[in-house]
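Here the structure is laid out as structure tokens; the discussion comes afterwards.
The values are calculated or read from the model by the stated rules, or taken from the named source; none is laboratory data. Treat the numbers as computed from the prediction; the structure is a model and nothing was measured. Note: ideal-geometry Cβ built from the backbone for every residue, glycine included; neighbour counts use all protein chains shown.
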Amino acid sequence: MTVPSTPARVAVVTGAGSGIGRAVARQMLADGYRVALAGRREPQLLETADGHPEALAVPCDVTVPDDVERLFAAVLRRWGRVDVLFNNAGVFGPAASVDEISLADWEATVAVNLTGSVLCAGAAVRAMKAQSPQGGRIINNGSISAHSPRPRTVAYAVTKHAMTGLTKSIELDGREFGITCGQIDIGNTATEIMDTIGVGS
């Protein structure tokens, strides 16, 4: 008796052009996933893909709703479903306390770290509800700053605390549709984002 093979699972990784997003995308490809690589810089996405036949590079600014919709439409056209979203795109934001941060810097950090995550999660949930079989998993990249903020990181710390609320809300609302949501809170990691604050600070 021949057992039918299980189709490869489909993942979307934001911030896939460097750092944690690149490492996760490459590991998922190595583990047999079909992976959509999302990020603002196409050359870096193609570098992450490294010619892998199951990688799809989609330039995308997660703060732009039309970009996010275009990203998930491309994934559905290519593979027909979304099994995993790794919500990873983020910026550290300015080194400033609450009395020093400009409105523009605050809004720019919130746009990427929080609004971008909401837009991507919303698109993923809509796809996961509509597909058959229904369901999927969302993994939000939080931060140790969601528990223990560093000094002068008000914008980053607040958005990462908010990510925890987003994770809990998605988990609760997605339960009846087979959609689960978890969060990873990583400490200092030797990636490009750490260049702005210094390792060990």
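Values as computed for the structure displayed
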| item | result |
| --- | --- |
| Some residue of the range 73-84 being at pLDDT 95 or above, under 25 Å from L46 (Cα atoms), in contact with a strand residue (DSSP E or B) (Cβ under 8 Å, 6 or more places away or on another chain) and of a type in the set (D, E) | yes |
| Subset of the range 132-177 (residues that are within 15 Å of V91 (Cβ to Cβ), in a helix (DSSP H, G or I) and not aliphatic (A, V, I, L, M)) | S145, Y156, T159, K160 |
| G187 being farther than 23 Å from T63 by Cα and either modelled with pLDDT of 95 or more or touching an Asp or Glu at 6+ places or on another chain (Cβ under 9 Å) (or both) | no |
| Selected residue [in contact (Cβ under 8 Å) with a residue 40 or more places away in the chain and over 23 Å from I101 (Cα atoms)] from G142, G116, G178 | G178 |
| Only listed residue being over 13 Å from the mean Cα position of the chain (by Cα), surrounded by 16 or more Cβ atoms within 10 Å (Cβ to Cβ) and either at positive phi or hydroxyl-bearing (S, T, Y) (or both), chosen from T109, T180, T167 | T109 |
